[in-house]
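Take a look at the structure set out below.
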Amino acid sequence: MILWFRRVAVLEAVSYLVLLAASVAKHGFGVRGLVETIGPIHGVIFLVYLALALNVRSRLGWDSGTTLTVVIAAVIPLGGIVVERRYTDEPVVRERDRSPERSTEPA
């Protein structure tokens, strides 16, 4: 689940930048249709980011302050990338690859 959060955090940051670029294109150059298309896509990615952040907070040992920081970072351009680098900086082990630790001592 942490790996998914890391991926979605980066995707959320990129989609936010694309949405901002679309907004500049709309208001600065009169390009129509981009914001209307990209806006809802970014909105869904943002909601998935929030859901995953709440899901992984206990696994990563985040307190309420850290969780709030992670949520606020999502509304700052490139904030998701900062979160992915700073707050999930642990070795990510795929859940399906986990196996119980095996003792090297003879039984």
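The values are calculated or read from the model by the stated rules, or taken from the named source; none is laboratory data. These numbers come from a predicted model, not from an experiment. Positions of Cβ are backbone-derived with ideal geometry, glycine not excepted, and every protein chain shown enters the neighbour counts.
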Number of positions in the stretch 22-47 that are in a helix (DSSP H, G or I), free of Cβ contacts under 8 Å to residues at least 12 places away in the same chain and hydrophobic (A, V, I, L, M, F, W, C)
5
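If I filter the stretch 24-31 for residues that are closer than 18 Å to I76 by Cβ and in contact with a helix residue (DSSP H, G or I) (Cβ under 9 Å, 6 or more places away or on another chain), do I get at least one hit? Give the steps one after another, and end with the answer.
Step one: of the stretch 24-31, the residues closer than 18 Å to I76 by Cβ are 24.
Subset that is in contact with a helix residue (DSSP H, G or I) (Cβ under 9 Å, 6 or more places away or on another chain): none.
Checked against the condition, which is being closer than 18 Å to I76 by Cβ and in contact with a helix residue (DSSP H, G or I) (Cβ under 9 Å, 6 or more places away or on another chain), the stretch 24-31 yields no hits at all.
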From the option list T69, T88, single residue qualifying as of a type outside the set (D, E, K, R), at pLDDT 55 or above and either more than 25 Å from S15 (Cβ to Cβ) or assigned to a helix (DSSP H, G or I) (or both) is T69
Provide a single number: the residues in the stretch 3-21 that are loosely packed, with under 15 Cβ neighbours inside 10 Å and touching a helix residue (DSSP H, G or I) at 6+ places or on another chain (Cβ under 7 Å).
2
Output for the stretch 42-80, where each listed residue is buried (at least 18 other Cβ atoms within 10 Å of the Cβ) and of a type in the set (V, I, T)
I45, V56, V70
